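One structure is given here, and the rest of the page talks about it.
Coordinate-derived values only; no laboratory data. These numbers were taken from a predicted model, which means no experiment stands behind them. Neighbour counts run over all protein chains shown; Cβ positions are idealised from the backbone, glycine included.
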Amino acid sequence: MAEAVDSMCEEKIMHKEVAIIGSGIAGLSLAHELSCLGIGSAIIDRQAVAGGQAAGFACKATDSCQRCGACIVHDYVSKVTIDDMIEPLLSCHILDSSRTSAGFELLLNEVPARIDQAKCSGCGICKKVCPSPGAIRINPYTGSFFIEYSECLLARGFSCSVCEQACFDDAISISSESVPKKVEALAIAIATGFEPFDATIKKRFGYGRIPGVITSLDLENLFRSGYFQNMGSENSFSSIAFVQCVGSRDIKIGRNYCSRVCCGYAMRSARLLKFMFPSIKVTMFFMDLQTFDRDFEDRVMAASREVDLIRGIPSEIKLGASGKPEVVYNDNDDEVRVEEFDMVTLSVGMGPTTPHIGGYLGFIGANSGNYGDGSFGNPDPTTTGVFRAGSANGPRTIQESIEHAAHVACEIDRYLCKIKSGVDVE
Amino acid sequence: MTRINLNELDPSFKFKVASSRGGEGLQSCYACKACTAACPIEKTVKRYDPRKIIRMALLGMKKELLESDFIWLCSSCYSCSEVCPQDVRFTDVIYAIKNLASSEACAPSGLSAQKGLLKDHGRLYEVSDFENEKRTKLGLPPIVEHPEDYERLL
Amino acid sequence: MEALLYLGCTVPIRNLNYELSSRMIARALGINFHDNEALGCCGFPLKSMDVMSTILSAARNLAIAERDNLEICALCNACAGTLNEISHTLDHDQDLRRQVNDKLKTVGLEYNGTVRVRNFMRLLYEEVGLDRIQSCVKRPLNGIKLAPHYGCHYLKPSELNIGFEDPEVPRTLSSLIEATGAQSVDYASLKDCCGGGVLGVSEEVANSLAQKKLQDVAVSGAHALVLVCPFCNVMYEGQQKKIAKTAGLDLKVPVVYYPQVLGLALGMNPDELGFKLNRVKPAEMLKLVEGLEVF
Amino acid sequence: MNSRNTKSIFLNKPEFSDDRLDRSALIIGDDWVGEEIAIRLSLMGLEVTLVSGLTDYENHGSETDLLLDSLDGRVGQFRATIVKQDQSLNKDFGFVVAAQSAIKEARFNAYGLKKVPRVFSISEFEQLVEKGDPLPERKNEWYHAAFIDDLTGDSSPETFRQFLAVLERLKAIEKLQPYVFTRYLKVAGFGLEKRYRELRRQGVIFFKFDDGAPTFKNESGLWKICFTDPLLKRDFELTPDIIVVDEKLSPQTPPGCLNRLVWSEISTPYLQSESPRFTGVLTSRVGLFAVGPSRGVFDRNMILQDVDGVELEIRKILAKTMPALGRIPVVDKSKCAFCLTCVRLCPHGAITFFDRAEISKSSCLGCGICIAECPMKAISYVNNPENHFIVGLHHDESKILSEYTGKIALFLCSRSAAQAFKSIQFIVDEDVVVVEVNCAGSIESHHILKAFKSGAKAVLVGGCFRGNCASVYGNILCENRVDLVGSGFENPVSEKKQGLSSLGINPERIRFVPTASNTPNILLKAISDIKRKIKGL
């Protein structure tokens, strides 16, 4: 297979010092820091738009900033976009990878449907004519359009070029075949981020079954989409509950670790909702409140005046007679209560993205992405030349991911210095 | 209520429960309350609370726990075990505690009687000729008692 | 298919309607039940006293089934649950099995951990299947509304039911009911415990647990409560009068076993299915069965 | 303001040009963090000076006996006065790293405990454990040890990690019953949850109090802990053989001269501003870095990451690979009136003053606050005429002014509102004119007034949320100016408010909208709101 790709794309081999897998905040900031150190990199992502999960997070500012950091992602996207040292390889799937004498070789496949951003004027005709809803989307940074290939009819084996024909700017290219690409790099950085816990696994919380039960990521989308802002004054939205530790601190599902970011996340969301709807009743079910900010004490004190803090995890969320979720829990006075809420947010924990990586980077031995083990947070000693940045190495906030990426940039720099000076790194 | 002096309790009790069959999960509990909220008995009898029973065992309140009436109230529905994120398996833990109480002769008389029945008949109900006649009339095979096996095994 | 029918203590003495109807429909659906008179108590009642006694009692029955080279089909949820649990435990705990076998030797038995245990519903669901049941229905129970009650040991511990049933959103009994053409009615306390486990210790507590469900079913519009466990039957049928009296309620909830319901759909007559032995007569339900002479 | 510091503004004649950065660093804090950084920076070829991180001269047991007395300046040209006993010397540095260690303060007082032989702080006890003889005076069969960790609820996972380590070491001791009294278990550190579970299995009992914390009573020399178990809701007492008390980790109060350099909020002792834009070790002053406790991070691994962060940032500055800052204001010295407004208000300390104001290119982030605030209009972005407004005027005002007619003028901060606008640019109708600015702090009242004068229907100013501005308070200055234009200010002579309404313009036509790069909806709503309003006027 490798030969076949070789012959097809001889001119398309890209040489970079570092191949970064994942264009989330960790990948972006790592690429930026490396570039500042004079190290070139390629950022590979399956998605058509850089930014990863953090780009989908919402601003939690009330009348003032709550330091969630979600807004910074935009800065890094623009920094990376204008940087010649960094080659973004978006809409690219990794087919195969191997270790070579010079480092690593990655075989990629660029999806065959693309919009040339330089030509696109953003008229939106493509979106209007596209027969597959969700295939043509709006880039949250530029407002321009891109093709989400997994939703495109081409990806499902149909032939379709409606958008290409409709485009006034000649910006869309739909080819029948995907474009193979090859990247050669001296080091690999895994910045694949995290996978949110699949809340349907905890069936007793009724996610996907009971209307009004959402995950923290759904709540982000509601914030972003302006759902709450557009609710208007006649809304019937008067209560929301947060259930912490869904998919973390849970040995039954093999997640014997604290997801670290959820308490802060939920607290910020709670305060934002309280700011939007001053009379809303916010209840938070938790086990131990984790420090999430340097002024934790003040913030928790402030929050505890606004939020009903209930120490205890509910046993079940039921569908109430009125069609709203009912939470069964034991309150602070030891009474079992069944309380109806307009909305219940499950604060889903962060999990490793191992299943993806194991597939194509298994050979590197980079599959120990298990957050649950004790080595969590330490560099993987068995994988020379492979680095992990951001949440691929353990649950991290946006700022922590940026800081960790800076640290990994230094580590990569030291590694490259060593191999360039001929020091035996094994 | 009088103060309980921790110094006078038995710290080894928790290890005793944890080393009994079924009691292994006792020390995994971090008191998240999910079991209490799930327990159907707790809703009727406040003094039966899985989390509190675990706590009493952990603190070494051996005498009070083993002599209590409420440890026998578990309906063995496994609701607590299902919701527990730490895999405590409280249904098994409470069995272990009840076993310890039984070994200290604290079991309700009804339970000891059941053991007697099993030893005498090999089953919970004595099978009389009347029962077997009724069964034969309905075309069902007769029931045979095997007390000797149970006598030997138990 | 072949299975060793495990009756346990209660069914063959107190719940002959369950046994009768189960044998009837098994025969009709091609399940060949074997009887072995050596079987005894599963050991569940001794669990509170001494778990080891339970293990030995269960192991004895498992060993008998192993000798017969048959899988166990139990009618009682508690028996099925206990035997299943102990068979799992013995599968994974070699030390315990050695210990158990030392004891079993004294009664001339040995257990090597090969016996599968399922309750009758699981057998129907997995071996016969909904499609075949549906195709065998001669008299669809259209218009009949039934409230299923699974019972705790049917659903839990969930690790014993992987691939079969989900305790959070149970559905097998409902779909079995619907296979007969009847309508399965959902109600608030569907997953609640009957309370049978504490009846021996506190009748008051046990009754208060059962009461909720009886009331819910009474207002749900169901013609009967469908059970699959004699333990639950003790509460919902046996205690119903007492519960109603204590609480000052007018409760008359007919309680039937699933095999009785299925039997009707398969065209059997109520007498064969032991309906005479039901204490609260499901008269409304039987009235709705097409072409049936109401007794 | 400290008088000495004020004076130093005059005395510090810039000795370095921007192209010549001094390859030396001052590290404030001389324990392990400071030393790590010192080693790293030395390896980079920097000349390093370590001074004590303590402000209190009398009782410091630091390695060096150098103490920082004053500090001022900017990247490449920091000037410090360092005191060594009675001597005082001035020295110049290219960079400054604040790496003060955390203060560990045992919370005996917070819990009403007194230090007696059986009561230890966790650090003291840790040393006993290391010596191998941690349990004095074993009398009873069971030895009860009480560990008080974070009853106040504000502790860090690092303290819990310390407790875990100690408890793990104790497990070999037979018949020892440890109790941990706490509020929230801080397991949000890597690996802590797993270790916590293991300790439970080993028999450690954890009491978690929401309120009604235990009380400590001294009874004939022994401490008795009385508490209501939050779980059982029953009263207990315990007379432990030893009590081990946690320590509050807090940053050291930085020397006043440091605080002044970074516009740190008075309420916090941290050197990093609230804004999340100061990621890693960055502060609002280029070339001054905050590490670990100085910025609120206590985790050892994260502090070590900061050491890398410092190396990286210094290398960036030395290699001048910082992204082109552009839009650096320039002072027209002939107009400068010596008023020091710019010096006082520059949030990045980029402006020096010798005879006239001078802006350091490597320190300036180009926010333009100085331009807006200079009463003499002596400062402008002349070196990059296109860019007072990124899309806009200043030097070609007539062009953009003509575009205002009949439209809504949007003045948007490049870091927030302008980015948010990008994602809605295709949705918004064409009756808006977008003027992008580097920082909302550079928008002056006259920009707004000119827009109205040129026929704008309304003006909407989009800046960062409070606490988010990369120039600390550019957004607040801007908001105040918008307020002033809108509602007016009182004329001291006529005692009348003079604002837009005095010009016959309804003040509803102007609004400041706090926005973030990822809140296009807020901006969109603000635009449609103001459209609706002006329709009604």
Quantify how strongly other chains surround peptide B:110-117 by giving the mean number of their Cβ atoms within 10 Å of each of its Cβ atoms.
-> 4
Length-normalised contact order of chain D in % [C-alpha pairs under 8 Å, at least 6 apart] = 11 percent
Could you tally the net charge around residue A:132, taking each other residue with its Cβ under 13 Å from the Cβ of residue A:132, Lys/Arg +1 and Asp/Glu -1?
-> +2
DSSP beta bridges in chain A [antiparallel fraction, %, rounded to 5] | 45 percent
Exposure proxy order (Cβ contacts within 10 Å, fewest to most) of C:229, C:152 | C:152, C:229
With runs of 4+ DSSP H residues as the only contributors, calculate the mean residue ellipticity of chain D at 222 nm using -39,500 (n - 2.57) per run, divided by the residue total and rounded to the nearest 500.
-> -8000 deg cm²/dmol
Mind ordering C:171-179, D:472-480 by average Cβ neighbours within 10 Å, highest first?
-> D:472-480, C:171-179
Counted neighbours (other Cβ, 10 Å), sorted fewest up, put C:23, A:224, D:285, D:344 in the order D:344, A:224, C:23, D:285
Summed side-chain charge close to residue B:119 - residues other than residue B:119 whose Cβ falls under 15 Å, Lys, Arg +1, Asp, Glu -1 = -2
Of D:238, D:206, D:135, whose Cα points farthest to the positive end of the dipole of the range D:104-249 (charges on the beta-carbon: +1 Lys, Arg; -1 Asp, Glu; origin at the Cα centre)?
-> D:206
Rounded to the nearest 5, the percent of antiparallel DSSP beta bridges in the protein assembly as shown equals 40 percent
When only Cα pairs under 8 Å and 6 or more residues apart are kept, what is the percent relative contact order across chain B?
-> 22 percent
Answer in debye to the nearest 20: the dipole magnitude of the protein assembly as shown about its Cα centre, from +1 Lys/Arg and -1 Asp/Glu charges placed on Cβ, is 2680 debye
Count the DSSP beta bridges whose two residues both fall in chain D, then state the antiparallel fraction as a percent rounded to the nearest 5.
-> 45 percent
Helix A:72-81 versus the longest principal axis of chain A: what angle, 0 to 90°, nearest 10, using Cα atoms?
-> 10 degrees
Mean separation of Cα pairs under 8 Å and 6+ residues apart, divided by the residue count of chain A: what relative contact order is that in percent?
-> 19 percent
Ranked highest first by average number of other Cβ atoms within 10 Å, how do C:210-218, A:97-105, D:101-109 line up?
-> C:210-218, D:101-109, A:97-105
What ranking do D:161-168, B:50-57 get when scored by the average of other Cβ atoms within 10 Å per residue, highest first?
-> B:50-57, D:161-168
Going toward the positive end of the dipole of the protein assembly as shown, with +1 on Lys and Arg Cβ and -1 on Asp and Glu Cβ, which of D:402, A:412, C:99 do you reach last?
-> D:402
Net charge of Cβ neighbours under 11 Å - reference residue B:43; Lys, Arg +1; Asp, Glu -1 | -1
Using +1 at the Cβ of each Lys and Arg and -1 at the Cβ of each Asp and Glu in the range B:67-154, identify which of B:154, B:143, B:80 lies farthest towards the dipole's positive end.
-> B:143
Could you pull out the chymotrypsin sites (Phe, Trp or Tyr not before Pro) across the range A:117-206 that fall in loop regions by DSSP (anything but H, G, I, E, B) with no more than 14 other Cβ atoms inside 10 Å?
-> A:158, A:168
If exposed GluC sites (Glu not before Pro) are those in a DSSP loop with at most 16 other Cβ within 10 Å, what is the longest stretch of chain B that has none?
-> B:1-66
Suppose every K and R has +1 on its Cβ and every D and E has -1 on its Cβ; what is the size of the dipole of the range D:190-264 about the Cα centre, in Debye to the nearest 20?
-> 320 debye
What angle, in degrees between 0 and 90 and rounded to the nearest 10, separates the Cα long axis of helix C:51-68 from the longest principal axis of the Cα atoms of chain C?
-> 90 degrees
Under the definition of partner shielding as Cβ atoms of other protein chains within 10 Å of a residue Cβ, what is the mean value for peptide C:52-59?
-> 4
List D:196, D:143, A:76 from most exposed to least, where exposure is judged by having the fewest other Cβ atoms within 10 Å.
-> D:143, D:196, A:76
Charge dipole magnitude, Cβ of K and R +1, D and E -1 - the range D:397-500, Cα centre, debye nearest 20 | 60 debye
Hey, got the average number of other protein chain Cβ atoms within 10 angstrom for residues in D:192-201?
-> 6
Relative to chain C, whose Cα atoms define the longest principal axis, helix C:203-220 and its Cα axis are tilted in degrees, nearest 10, by 40 degrees
For chain C, cysteines whose Cβ has no other cysteine Cβ within reach (under 4.7 Å) = C:9, C:41, C:73, C:136
